[in-house]
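*Asks:* Have a look at this one.
The values are calculated or read from the model by the stated rules, or taken from the named source; none is laboratory data. The model shown is predicted, which means the values in this text are computed figures rather than measured ones. Every residue, glycine as well, gets a Cβ built from its backbone with ideal geometry; the counts of neighbours run over all protein chains shown.
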Amino acid sequence: MAIDLRLQLTTNLEFKMLNNFWYACEFSHAVTHQPKQIVLWQQTIVLYRNTTGQVVALKDRCPHRGAALSLGKVEGDCLRCPYHGWKFQSDGTCNEIPANPPGVAIHPQAGVQSYPVEEKYGFIWLFWGDLPPDERPSIPSLPEFPDSSYRAVTVELEFQAHYSRVLESPIDTVHSTFVHVNTFGSGDSNNPQFLNQGKLVWKDWGASLISILQEAPPKGMYWRYIGNKKRSEIKLDCSFYLPNLVWDKVEFKFKSFSCIAHVPLNERTTLVKLICFRNFLTHPWFDRLFHKLSLQVLQEDRLVVESQHPQAVPDDINAELHAAGDALSIAYRQLRQKCLALEYKSEAIATQIPDVAGYRN
Ligand code: FES
Ligand SMILES: [Fe+2]
C-alpha cells in the first residue's frame, strides 16, 4: 500500500508538544512533603516540597535499577529511592549509596535529572526545554487575579485528545449555548449571537478577546439566583497563553474566573486541571455544588472534544473553516504554528506577532 509521506510528516508536527515553555502541570495544594508522581509527555516526574516548602521536580526513575522515586521517602531536602536507598538532593545529585563501603566515591553519573519549577496562580509550573534561565519565556502575567474574597474550587478531568484540541474548547466563545445547554447555557440555544466582539489583543505568548454575548436567563433555581431575570448581556474576557493555559473572566451580575491548565500526558491524552473562582455564594458549603457543576461542564466539553477528528488541531490553518467567534482559536493556531516553525526557539516570538485578524463581522 502506498504511504503518503507528506501526510505523515504533517501529522507528526500536529501532535507535537511545544518545547521551551513553562507548563502549568499540577495544583499547588496537591504537592506536599510526600512525593507525588505526575506525567508530562509520557515522562514520569516526581514532585515534593523540601524543608523550606519549595517544590522540587526530579525524573521519576532511579538511575540505579529504574525504580520510581515517587515510591520513596522525603528526608529533609532529599528523596530516598524505595529500592536500595540511594539518596538524591533537590538538584538530582546522588549523595548517598547505603551499600557502598565508607570512602567509596559516588559515580558522577549516579544523579537523576532535575527540572526547573515555579509556583504561581495556584499551580506548579515546570520548564520543559533546554533554554538557560535568562532566555526562557516567562510564566504568564494574569490580569486581575482574584483576591482572597473569592472562593475557589478545583476540578480535573482526563480527555482523550491532543492538548491543542482540548485547549481550544474554553477559548471558543460560541459553543456554550450548544454544548452547555444543560448547565450554564440553558437559557436559549437559539440565540448565541454576539452583541459585540472586541479587538483581539496580543499578549506575551498569547492573546485575549472580549466578547459580549446576549443570552436569556438560564433555567433552574440556581441559575436564576446568579443570573439576571431578563435577557442579559454577559461579558466574557478570554485569554490563552502558550503553551497550555487558558484564563477566562465571566462578568454578569457577579464575576467568576477560570484558570485552566491543559497537561499533555501524551500525544493523545490531556489532563485538564481547572481552578474556578467566584465572588458569589462564597460560603464553603457551596463548594460541593460548584465542584459538581464544574465537573459537569468539563464532561459536556469532553464529549464533543473527543469526537473531533483529527485529535490535534490541524497543522494547516485552512484545513478547517472559520466563522464568527473563532478569532481566538485562529490566533492560537497561528502562534502555535509560529513556535513549531521556529523549532521551539524563543526568539522574541511575542514581538513578532502573526498578522491574524481571524473572522470579523
Ligand atoms: S533502584 Fe533505586 S537505589 Fe536501586
Ligand atoms: Fe465548554
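*Asks:* Among the residues of the range 31-70, how many are part of a helix (DSSP H, G or I), without any contact (Cβ under 8 Å) to a residue 40 or more places away in the chain and not polar (S, T, N, Q)?
*Replies:* Total satisfying the criteria: 0.
*Asks:* Let me ask you something else. Quickly run through the range 106-121 and pick out the residues that are farther than 30 Å from Ser138 by Cα and either modelled with pLDDT under 95 or outside any loop (DSSP other than H, G, I, E, B) (or both).
*Replies:* The answer is His107, Pro108, Gln109, Ala110.
*Asks:* Further question on the same structure: Ser186: at pLDDT 95 or above and either assigned by TED's automatic domain parsing to the domain that holds Glu306 or among the charged types (D, E, K, R) (or both), yes or no? Even if it seems obvious, please write down each step before you answer.
*Replies:* Working: at pLDDT 95 or above: no; either assigned by TED's automatic domain parsing to the domain that holds Glu306 or among the charged types (D, E, K, R) (or both): yes.
Criteria not met by Ser186.
*Asks:* Which one is surrounded by the fewest Cβ atoms within 10 Å (Cβ to Cβ), of the residues in the range 29-72 that are among the basic types (Lys, Arg) and more than 16 Å from ligand 1 (Cβ to nearest atom)?
*Replies:* Lys36
*Asks:* On the given criteria, is Gln37 away from ligand 2 (no atom under 16 Å from the Cβ), at pLDDT 95 or above and not assigned by TED's automatic domain parsing to the domain that holds Leu274?
*Replies:* On the way: away from ligand 2 (no atom under 16 Å from the Cβ): yes; at pLDDT 95 or above: yes; not assigned by TED's automatic domain parsing to the domain that holds Leu274: yes.
Yes; evaluated as a whole, the condition is true for this residue.
*Asks:* Only one of these is of a type outside the set (D, E, K, R), within 16 Å of ligand 2 (Cβ to nearest atom), modelled with pLDDT under 90 and closer than 23 Å to His175 by Cβ: Gly325, Gly358. Name it. Full working, then the answer.
*Replies:* Working: Gly358 fails: within 16 Å of ligand 2 (Cβ to nearest atom).
Exactly one residue qualifies, and that residue is Gly325.
*Asks:* Hey, among Glu75, Glu119, Glu26, which residue is within 16 Å of ligand 1 (Cβ to nearest atom) and either outside the structural domain of Val246 (by TED's automatic domain parsing) or among the β-branched types (Val, Ile, Thr) (or both)? First the steps, then the outcome.
*Replies:* Values: Glu119 fails: within 16 Å of ligand 1 (Cβ to nearest atom); Glu26 fails: within 16 Å of ligand 1 (Cβ to nearest atom).
When all the criteria are applied, what remains is Glu75.
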